[in-house]
Amino acid sequence: MADMDRKEIESAVEAILFASGEPVRMDRICTALGIDRPAAEQVLQKLMDYYAYERRGIRLLKIEDSWQLCSAPDYADVIRRAFEIRKPAKLSQPALEVLTIVAYYQPTTRAYVDQIRGVDSSYTVGLLLERGMIEECGRLQVPGRPRQYRTTKQFLRAFHLTSLEDLPVMPDLGGDGQMRLNEAGEIVNPAGEPETAGADAPKTAAAEKPEN
């Protein structure tokens, strides 16, 4: 690989990412091509900029310390029509609330989520586990050893985040400490908005989920 020129390295990186179909760690790319991290990052950043600037049908995403090729969001509807893929189900407002709490306070337990929301969240936590947005990450070392949860890479992809550091600053939850979201899934000041948190149930009103 030492004899490869820059263009060949770019093509090789494309081939690796395309063949994987999943996020590929930076160290694996470096090892496969025999190049150091700065050189690999330079190549990957150039490819990312190229796909975006040329408005190609694919995009290159950085997810924590991994990289992945994916289709451009602009063509989601076309892709669904081509493969007769149904539009992903929306996340309900309770699901967005639970996901927000886990994202900002991870690793956290369901009991802590319940405490912030003021309602039982068992149904919604189970739903988010099924959707791959959160995952178990051990147990808290206290009596009962409750399960702890954290967000997944699927969560980062769904909300177009490179890492958890890209999350916006968490606003003050107010005196009662309970979470409030508006219809757009945005955290709002509870002093100026009506109560939105309710008991979990499959019939909750849906809030729009960002496209993958």
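The values are calculated or read from the model by the stated rules, or taken from the named source; none is laboratory data. Note that this is a predicted model, so its numbers are computed, not measured. Every residue, glycine as well, gets a Cβ built from its backbone with ideal geometry; the counts of neighbours run over all protein chains shown. Note: accessible area is taken over every heavy atom of the protein model, side chains too, but ligands, DNA and RNA are not part of it. Shrake-Rupley method; radii C 1.70, N 1.55, O 1.52, S 1.80 Å.
Work out how much length Glu10 to Lys90 would gain on full extension: take 0.36 nm times their residue separation and subtract the Cα-Cα distance, in nm to one decimal.
Stretched out fully, the Glu10 to Lys90 stretch lengthens by 25.1 nm.
Subtracting the Cα-Cα distance from 0.36 nm times the residue separation, let me have the gained length for Asp36 to Met170 in nm, one decimal.
44.6 nm is the gain from fully extending Asp36 to Met170.
Taking region 1-127 as the region of interest, what is the percent of Cα-Cα pairs per 5 angstrom bin, listed from the shortest bin to the one with the maximum distance?
2, 9, 15, 14, 11, 12, 13, 11, 8, 4, 1, 0, 0
Rounded to the nearest percent, how much of the accessible area of region 1-118 (1.4 Å probe, protein heavy atoms only) is carbon and sulfur?
Here carbon and sulfur together make up 51 percent of the probe-accessible area.
Accessible area per residue of region 106-175 at 1.4 Å probe, in Å²?
Result: 56 Å² of accessible area for each residue.
Summing Lys, Arg as +1 and Asp, Glu as -1, what charge do residues with Cβ under 11 Å from the Cβ of Gly138 carry, Gly138 excluded?
With Lys, Arg at +1 and Asp, Glu at -1, the neighbours total +2.
What is the Å³ per residue value for the convex hull set by the Cα atoms of region 19-81?
Convex hull volume per residue, Cα atoms: 88 Å³.
Let me check I have the definition right: for region 86-149, take the eigenvalues of the Cα gyration tensor, multiply each by 5, take square roots. What are those semi-axes in whole Å, largest first?
21, 13, 9
Over region 25-99, calculate the relative contact order: mean separation of alpha carbon pairs under 8 Å at least 6 apart, over the residue count, as a percent.
With pairs under 8 Å counted, the relative contact order is 19 percent.
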